[in-house]
Amino acid sequence: MPWVGVAAGRKSEEAEYETLLTADGKLVKVKKDHLSRAEVVNKHMSNKNLLSWLGKKK
Amino acid sequence: MAREKEIARSDNASDKNKQRRAFIDKSMKLGLAAVAGTFGVTRLIESAEGKAIPGESVELMTTDGKLVKVDQRSVEKIPEAEHVNPREGFAHRKFVMVIDLARCKNARKCQSSCNKNHYITGPNAWLKVYKMQNSEEESPYWQPTTCQHCDKPPCVKVCPVDATFKRRDGIVLIDNDRCIGCRFCMAACPYSTRVFNWGEPDQPEEIAALPNDLDYGGVPAEKGTVDKCDFCPHMIDKGKLPHCVTACPNGVFFFGDQYEDTVTNGDETYRLSELLEEKSGYRLMEELGTKPSVYYLPPKDRLQEFEKGLDNYDEFNSVEKEEKS
């Protein structure tokens with residue numbers, strides 16, 4: 001049944017967050033367990049790529 | 001008669017059958033709705049917990065330099081920081097100044113810009129340029145002196161009313177509304193950088209009418225209170241350098257953040273640690289343990305003649321007075 005395992009799977013109320021940067025230079029937070037499932041586009045951004053991603057001069 | 005009873009019984013049974021069917025029908029629908037509803041709730045919980053539910057994704061950068069794609073729904077905004085509390089100062093900052101004595105010509109543009117922008121009208125400027133000579137064998141040099149913004153400030157320790165205070169970003173300020181003019185802080189300061197407003201400040205009316213703003217030290221000035229260099233937190237708040245730094249035509253003053261290990265005079269930027277090591281930077285009266293935030297680079301390889309600065313030199317006049325007709 002769909003509700004089976006919901007209670008068992010629920011973790012503690014205080015979730016751990018990670019701070020991340022958006023392309024428009026703002027800070028956001030995402031739960032750590034969401035992040036672990038995220039698709040990695042680039043493992044190590046170079047400074048040049050970072051500036052380009054931020055829309056700043058290369 | 002019997003036939004009529006038989007028909008009535010038959011109708012009655014038929015009605016009960018219909019009611020039973022309707023009940024089963026309703027129960028089935030209710031059951032299905034409950035299952036569907038629970039499934040929806042489960043999906044919402046799953047969504048909140050970040051299980052794989054397809055949706056619009058957004059690119060984000062992690063603190064260790066990875067670029068990742070995250071479901072838009074799992075991204076939460078971080079509320080923007082409120083305006084800096086003037087008593088607390090900027091978080092994660094430690095402001096420092098480096099003064100390169102080899103470059104100073106006593107042009108006094110630093111002093112006039114500071115006086116003008118802080119509406120200093122009293123007898124003494126907050127920034128003074130001293131004529132220095134360590135011994136007869138050494139040639140003299142010019143030494144601009146500001147508040148040293150000590151990490152162990154004796155002035156803060158002796159203030160009986162908590163008017164002068166040190167912020168977490170290293171800046172030492174004075175709350176003129178709290179200051180009672182006892183001048184203990186002036187006596188305690190080994191650098192003699194504090195000034196006292198003996199008379200009614202001759203400020204423009206619009207400035208005098210301003211409310212006391214801790215973020216804009218000493219503006220408006222108040223009679224019977226102490227003032228001093230504030231490292232221009234009102235400029236830092238705008239992402240700009242202090243007035244003395246930008247006004248100096250010789251690039252004498254460098255300002256920056258010790259945590260970033262960087263200082264700049266607007267044109268040149270250096271690593272603070274490298275600059276101090278390479279040029280043997282020092283702090284005034286280091287032996288006192290006050291740990292000033294102002295560093296000096298010794299006047300070696302001087303770029304100008306000392307005597308030229310004498311034209312501007314006036315030992316007891318640091319604030320130009322406007323001539324009134």
ask   = If you go through the range B:211-235, how many residues are out of contact with any strand residue (DSSP E or B) (no Cβ under 7 Å at 6 or more places or on another chain) and under 17 Å from B:Lys166 (Cβ atoms)?
value = 4
request  = Check B:Lys157, B:Lys69 and return the single one that is more than 21 Å from the chain's Cα centre (by Cα), in contact (Cβ under 8 Å) with a residue 12 or more places away in the chain and within 14 Å of chain A (Cβ to nearest Cβ).
outcome  = B:Lys69
inquiry  = Name the single residue that is surrounded by the fewest Cβ atoms within 10 Å (Cβ to Cβ) among those in the range B:299-309 being of a type outside the set (D, E, K, R) and at pLDDT below 85.
reply    = B:Leu303
request  = Looking only at the range B:77-97, decide whether some residue is of a type in the set (S, T, N, Q) and either surrounded by 15 or more Cβ atoms within 10 Å (Cβ to Cβ) or within 14 Å of chain A (Cβ to nearest Cβ) (or both).
outcome  = no
message = Can you pull out every residue in the range B:87-120 that is modelled with pLDDT under 90 and out of contact with any helix residue (DSSP H, G or I) (no Cβ under 8 Å at 6 or more places or on another chain)?
response = B:Arg87, B:Glu88, B:Ala91
key: For B:Gln111: the one exception among (1) within 30 Å of B:Asp175 (Cβ to Cβ); (2) touching a Phe, Trp or Tyr at 6+ places or on another chain (Cβ under 8 Å); (3) not charged (D, E, K, R)   = (2)
request  = Being hydroxyl-bearing (Ser, Thr, Tyr), modelled with pLDDT of 80 or more and farther than 16 Å from B:Gln133 by Cβ narrows it down to one of B:Tyr313, B:Tyr296, B:Tyr282, so name that one.
outcome  = B:Tyr282
query = In the range B:146-189, which residues are aliphatic (A, V, I, L, M) and more than 20 Å from B:Pro242 (Cβ to Cβ)?
reply = B:Val156, B:Val158, B:Val161, B:Ala163, B:Ile180, B:Met186, B:Ala187, B:Ala188
key: Number of positions in the range B:143-184 that are assigned to a loop (DSSP other than H, G, I, E, B) and among the hydrophobic types (A, V, I, L, M, F, W, C)   = 9
query = For residues in the range B:112-142 being in a loop (DSSP other than H, G, I, E, B) and among the aliphatic types (A, V, I, L, M), which is farthest from B:Asp100 (Cα to Cα)?
reply = B:Ile120
request  = Determine whether B:Glu320 is closer than 17 Å to B:Val129 by Cβ and part of a helix (DSSP H, G or I).
outcome  = no
request  = Please go through the range A:27-53 and pick out each residue that is more than 8 Å from every other protein chain (Cβ to nearest Cβ) and under 21 Å from B:Ser74 (Cα atoms).
outcome  = A:Lys32, A:Ser36
ask   = Which condition number in (1) surrounded by 18 or more Cβ atoms within 10 Å (Cβ to Cβ); (2) in contact with a helix residue (DSSP H, G or I) (Cβ under 9 Å, 6 or more places away or on another chain); (3) at positive phi is the one that B:Asp261 fails?
value = (1)
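The values are calculated or read from the model by the stated rules, or taken from the named source; none is laboratory data. Keep in mind it's a predicted model, so treat the numbers as computed, not measured. Using ideal geometry, Cβ is built from the backbone for each residue, glycine included, and neighbour counts are taken over all protein chains shown.
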